[in-house]
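Asks: Attaching a single structure in structure tokens format; questions to follow.
The values are calculated or read from the model by the stated rules, or taken from the named source; none is laboratory data. All values reported here derive from a predicted model rather than from experimental measurement. Positions of Cβ are backbone-derived with ideal geometry, glycine not excepted, and every protein chain shown enters the neighbour counts. Heads up: the accessible areas ignore ligands, DNA and RNA and are worked out on the full protein's heavy atoms, side chains in. Shrake-Rupley method; radii C 1.70, N 1.55, O 1.52, S 1.80 Å.
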Amino acid sequence: MKAGLKPRYDGHCREGAAPVKGVKPIVRFRNPREGDVVFDDLVRGRISISNTELDDLVIARPDGSPTYNFTVVVDDVDMAVSLVIRGDDHINNTPRQINIYRALGAELPDFAHVPMILGDDGARLSKRHGAVGVMQYRDDGYLPQALLNYLVRLGWSHGDQEIFSLQEMIDTFDIRDVNRKASAFNTEKLDWLNQHYMKSLPPAEVAQHLAWHFEQAGIDPENGPPLADLVSVQADRVKTLCEMTDQSRVFYREFDEYDPGAAHKHLRPVTADPLAAIGGRLAELDRWEPEMLNETIRAVAEELELGMGKIAQPLRVALTGTAVSPSIDKTLWLVGRERSLARIQRALAFVIARAAN
RNA sequence: GCUCCCUUCGUCUAGCGGUCAGGACACCGCCCUCUCAAGGCGGGAACACGAGUUCGAUUCUCGUAGGGAGCGCCA
């Protein structure tokens, strides 16, 4: 090491030696001393390394158990593995392994060393930092299609195409097109893809995944609108199924109290009449569909000569307890007839009580 | 220290000697609008650096810098 050389085996028993009493020997691989090991990596291209850089590595310990670089080769030869795809941290091991393949008289597989994936912050993923199991993404509310699509585009591309169905991935993917550079995971783009799939997949399919999240959150889907209906209106308002679940509670359960800010701003005494008028008109409806709900609200607004803002916001707070929800017709639709009428009455009572103070 | 690998917008990428260096996410602006979104339109934003090769380099070669990996009787 002082001479700037690598620490390595001195070749003491390279040409063979008699067993030494009291010493349990290890077994080393007799690596060629001259020439280069050259291989064509499917993603890196031609890689060449001199045999002088390779040591006579240990392949069996004193107890006879084999070591990694040896077992990997033996195992892959046994299984007739024809293509080895692994992280690029194994590039340095490959020449040693190739020499073992040759010594074994085995056919060489193709090698493809793919770069690793970095975290959102560009730092390497590790157990301590950022690394998670795939199922974590389900827990976090991502659809399988979104994760797959995101991952396939990380380090690989097919022209300018961003959206890939599973079949398209299978048809167009080629390991040779994979990039050599490590890429950073970008959750914002995953979010975008997730929303894309929530919006474009059949609502019923998304609903199946959503049902799992409802169960996790302890919400009974039977206590409100069909999940597919929910998906159709919430998909373009949230990034994940978790958000969708969180923001949809109000359609399945009563809320405790109004958001203070929203109530203060929108449930004012002046809204009593409009709310009462809307409640009355909605009660007369014989069907409860977005289109007629929308017409009804607009008609009331027109009759009272109020802008939609003056009508929709108080109603929104009445229905959901907050100032943010889907468009007012869809909100009414999802809350459902009975629950909507009841909540309007509740808001009315709140407004009247407030006026009395 | 030695060896190997990597380097285009903030991020994911297209490019494979001649392009106004293209797309996507994100960001900014405008439009739409009952809130929040979604959507539409537009905008800013990159070839790490230095030498070569060449009529011409993002592209080919060699250096430099920066980053990563390996140099185990761990996998």
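Asks: Counting residues that are of a type in the set (V, I, T) and at pLDDT 95 or above, which helices (runs of 4 or more DSSP H) fully inside the stretch A:267-357 reach at least 2?
Replies: Those helices (runs of 4 or more DSSP H) span A:290-303, A:308-320, A:328-335, A:337-356.
Asks: Hey, among A:D110, A:D89, A:D121, A:D76, which residue is more than 30 Å from A:H196 (Cβ to Cβ) and either surrounded by fewer than 13 Cβ atoms within 10 Å (Cβ to Cβ) or within 8 Å of RNA strand B (Cβ to nearest atom) (or both)?
Replies: Step by step, each of A:D110, A:D89, A:D121, A:D76 is checked, and only A:D89 is more than 30 Å from A:H196 (Cβ to Cβ) and either surrounded by fewer than 13 Cβ atoms within 10 Å (Cβ to Cβ) or within 8 Å of RNA strand B (Cβ to nearest atom) (or both).
Asks: In the set A:A283, A:A277, which member is of a type outside the set (F, W, Y), closer than 21 Å to A:R337 by Cβ and surrounded by 15 or more Cβ atoms within 10 Å (Cβ to Cβ)?
Replies: A:A277
Asks: So, of the residues in the stretch A:295-350 that are in contact with a Ser or Thr (Cβ under 6 Å, 6 or more places away or on another chain) and over 24 Å from A:E222 (Cβ atoms), which turns out to be least open to solvent (accessible area, probe 1.4 Å)?
Replies: Checking each candidate, the answer is A:P314.
Asks: Those residues that are surrounded by fewer than 17 Cβ atoms within 10 Å (Cβ to Cβ), within 20 Å of A:G87 (Cα to Cα) and more than 10 Å from RNA strand B (Cβ to nearest atom), I need them from the stretch A:40-54; list them, please.
Replies: A:D40, the sole residue that qualifies.
Asks: A further question on this structure: Just give me the residues in the stretch A:97-117 being touching a residue at least 60 places away in the same chain (Cβ under 8 Å) and among the aromatic types (F, W, Y), in sequence order.
Replies: Correct list: A:F111 only.
Asks: Please tell me if A:D174 is open to solvent by less than 60 Å² (accessible area, probe 1.4 Å) and over 30 Å from A:A207 (Cβ atoms).
Replies: yes
Asks: Mind telling me which of the residues A:A211, A:A207 ends up being buried (at least 16 other Cβ atoms within 10 Å of the Cβ), small (G, A, S) and closer than 27 Å to A:L230 by Cβ?
Replies: Of the residues listed, the single one that is buried (at least 16 other Cβ atoms within 10 Å of the Cβ), small (G, A, S) and closer than 27 Å to A:L230 by Cβ is A:A207.
Asks: Please list, ordered by first then second residue, the pairs with beta carbon atoms under 7 Å, 6 or more apart or interchain, first in the stretch A:152-180 and closer than 19 Å to A:N194 by Cα, second more than 6 Å from RNA strand B (Cβ to nearest atom) and among the hydroxyl-bearing types (S, T, Y).
Replies: none
Asks: So A:R33 clears everything in (1) open to solvent by 20 Å² or more (accessible area, probe 1.4 Å); (2) within 10 Å of RNA strand B (Cβ to nearest atom) except one condition, right? Which one?
Replies: (2)
Asks: Can you spot a residue in the stretch A:145-152 that is closer than 30 Å to A:A228 by Cβ and either over 15 Å from the mean Cα position of the chain (by Cα) or open to solvent by 70 Å² or more (accessible area, probe 1.4 Å) (or both)?
Replies: yes
Asks: In addition: With respect to A:V58, is the statement that it is among the aliphatic types (A, V, I, L, M), open to solvent by 60 Å² or more (accessible area, probe 1.4 Å) and within 13 Å of RNA strand B (Cβ to nearest atom) true?
Replies: no
Asks: From A:A283, A:A235, grab the single residue that is within 34 Å of the chain's Cα centre (by Cα) and on the phi < 0 side of the Ramachandran plot.
Replies: Result of the check over A:A283, A:A235: A:A235.
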